[in-house]
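**Q** I have a structure here, written as structure tokens, and I will follow up with some questions on it.
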Amino acid sequence: MRVRVDPLVCEANAVCVGLAPEVFDLTDDDELQVLRPAVPPEEQDRVRHAVRSCPKAALALEE
């Protein structure tokens with residue numbers, strides 16, 4: 001599984017950061033950073049939840 005962010009849609013609400021901090025982070029400029037684009041198996045459920053919870057639908061999964 002891979003996760004990606006659309007930077008043109010993302011508003012850096014950080015919902016994903018709160019749900020999966022091992023995979024997502026915000027830079028000092030409030031831009032979302034995907035720390036682990038290839039999601040490890042133990043994080044996949046959390047990342048799926050984060051993608052579904054994104055208020056701007058700026059995240060996508062490739063399974």
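The values are calculated or read from the model by the stated rules, or taken from the named source; none is laboratory data. Predicted, not measured: the structure shown is a model, and the values here were computed from it. Virtual Cβ from ideal backbone geometry, glycine too; neighbours counted across all protein chains shown. Only protein heavy atoms, including side chains, enter the accessible area calculation; ligands, DNA and RNA are left aside. Shrake-Rupley method; radii C 1.70, N 1.55, O 1.52, S 1.80 Å.
**Q** Based on Cβ point charges of +1 for Lys and Arg and -1 for Asp and Glu, what charge dipole magnitude is obtained for the chain about its Cα centre, in debye rounded to the nearest 20?
**A** Approximately 300 debye in magnitude.
**Q** Net charge near Val23: determine it from the other residues with C-beta under 10 Å of the C-beta of Val23, scoring Lys and Arg +1 and Asp and Glu -1.
**A** Computed value for this residue: -1.
**Q** Within the set of other residues whose C-beta is less than 13 Å from the C-beta of Val34, count the net charge using Lys and Arg as +1 and Asp and Glu as -1.
**A** -3
**Q** Any idea how far the Cα center of the range 32-63 sits from the one of the range 1-26, in Å?
**A** Each part reduced to its Cα centre gives a spacing of 7 Å.
**Q** So, one more: Could you tell me which of His49, Leu35, Val15 has its Cα farthest along the dipole of the chain towards the positive end, charges placed at Cβ (Lys, Arg +1; Asp, Glu -1), taken about the Cα centre?
**A** Result: His49, furthest along the dipole toward the positive end.
**Q** Here's a follow-up. Based only on Cα atoms, what mean projected area does the convex hull of the range 3-60 have, in nm²?
**A** If you wrap the Cα atoms of the range 3-60 in a convex hull and average its projections, you get 3.3 nm².
**Q** Could you please state how large a percent of the accessible area of the chain is carbon and sulfur, counting protein chains only and using a 1.4 Å probe?
**A** Carbon-and-sulfur percentage of accessible area, whole number: 45.
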